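Below is one structure; the comments refer to it alone.
The values are calculated or read from the model by the stated rules, or taken from the named source; none is laboratory data. This is a predicted model, so every value here is computed, not measured. Cβ: placed from backbone, ideal geometry, glycine included. Neighbour counts: every protein chain shown. Surface accessibility is based on the protein's heavy atoms, side chains included, excluding ligands, DNA and RNA. Shrake-Rupley method; radii C 1.70, N 1.55, O 1.52, S 1.80 Å.
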Amino acid sequence: MGDQNSSLRSLLDAAGEGSPTDYRIEWKEFTQAQPLLQAQNAGAIDFCRAGDVAFLFAYAAGAPIVAIGANLTGGQGAAILVRADSAIATVKDLKGRQVILSPAGLGEPLLYGHLAQAGLAPGDVHVVHATQNVAQLALATGQVDAWVTWQPYIALGQEIDHDRILVDGQGVLSFYVFGIAHRNALETKRAAIIDLQHRIARAMAWARAHRDLYGKTLARVSRMPDAVARRAVEDSRLEEVAIDDRVIHDTIDLYQKLSAYGLIKKDLDIKKAFDSTVLNGTL
């Protein structure tokens, strides 16, 4: 199992879903989706959860992966942050500024989507690529003017550095987080993976009703500051959905945007990246 910042492990543990009896989970920890999906591509990870943009980049690179479940995070789960004392008040103010983001993630479609709405082009800003931990420090020290990120990094920037949200992803991104299986693992460990996806769905439902308890577990497992974990959980949608025509349509639309930006290769059949039959369309 691959995890990002202990988010999935803490969710399952908090909801009492983290100890299956018929199989054993071995956790592998990562700070963000790109290295996690690289490990899955190499066969070191059987199952993980990652955002739709990172999933599409990995799929386009030939990773033998398939999405079998989905969590609708929503556009509010991603944002462009600026420092509290920044003179930047609108997206138009980003013109000529340095914006930091992680490559092969949601940063570029979020940024470029908002630039287009503001009448600006991608070339109107200077994009700097870095991991999220480096990006946080770069914004805090004034090396860049804005940071494109997601939870729990949004909460981290707000609570630790007092950053403010310039704009979130609503109206630009659907932002799904997919349950992603390696195709070989789906053949050899299918029952475990299906059971795990059901556990995640039950845990999501529990977390929506017990956000405080989930936040405390997230802080403990991830060693995240309590205030950061609490804010990240409170601001998260936590809505598990079955993969259906809407999910696939939204992902195809995202893929077409990435293609139009020249970020990903064209003419892929995105429908083949999903298997809605694994859970028979229900969770």
Could you go through the stretch 252-262 and let me know if any residue there is in contact with an Asp or Glu (Cβ under 7 Å, 6 or more places away or on another chain) and open to solvent by less than 60 Å² (accessible area, probe 1.4 Å). yes
Is there any pair with a first residue in the stretch 251-267 that is without any contact (Cβ under 8 Å) to a residue 60 or more places away in the chain and farther than 15 Å from residue 55 by Cβ and a second that is open to solvent by less than 60 Å² (accessible area, probe 1.4 Å) and assigned to a helix (DSSP H, G or I) whose Cβ atoms are under 8 Å apart and which are 6 or more apart or on different chains, and what are they? 266/259
Flagged in the stretch 4-57 as aliphatic (A, V, I, L, M), in a loop (DSSP other than H, G, I, E, B) and either over 25 Å from residue 103 (Cβ atoms) or open to solvent by 10 Å² or more (accessible area, probe 1.4 Å) (or both), in numbering order, are 15, 25, 42, 44
Please indicate, with yes or no, whether at least one residue in the stretch 98-114 is aromatic (Phe, Trp, Tyr), farther than 19 Å from residue 37 by Cα and buried (at least 17 other Cβ atoms within 10 Å of the Cβ). yes
Spot the failing condition for residue 239; the list is (1) closer than 17 Å to residue 14 by Cα; (2) touching a residue at least 24 places away in the same chain (Cβ under 8 Å); (3) buried (at least 16 other Cβ atoms within 10 Å of the Cβ); (4) of a type outside the set (A, V, I, L, M), and only one is missed. (3)
Looking at the stretch 201-231, which of its residues are open to solvent by less than 70 Å² (accessible area, probe 1.4 Å), in contact with a Leu (Cβ under 7 Å, 6 or more places away or on another chain) and either polar (S, T, N, Q) or in a helix (DSSP H, G or I) (or both)? 201, 203, 204, 207, 214, 228, 229
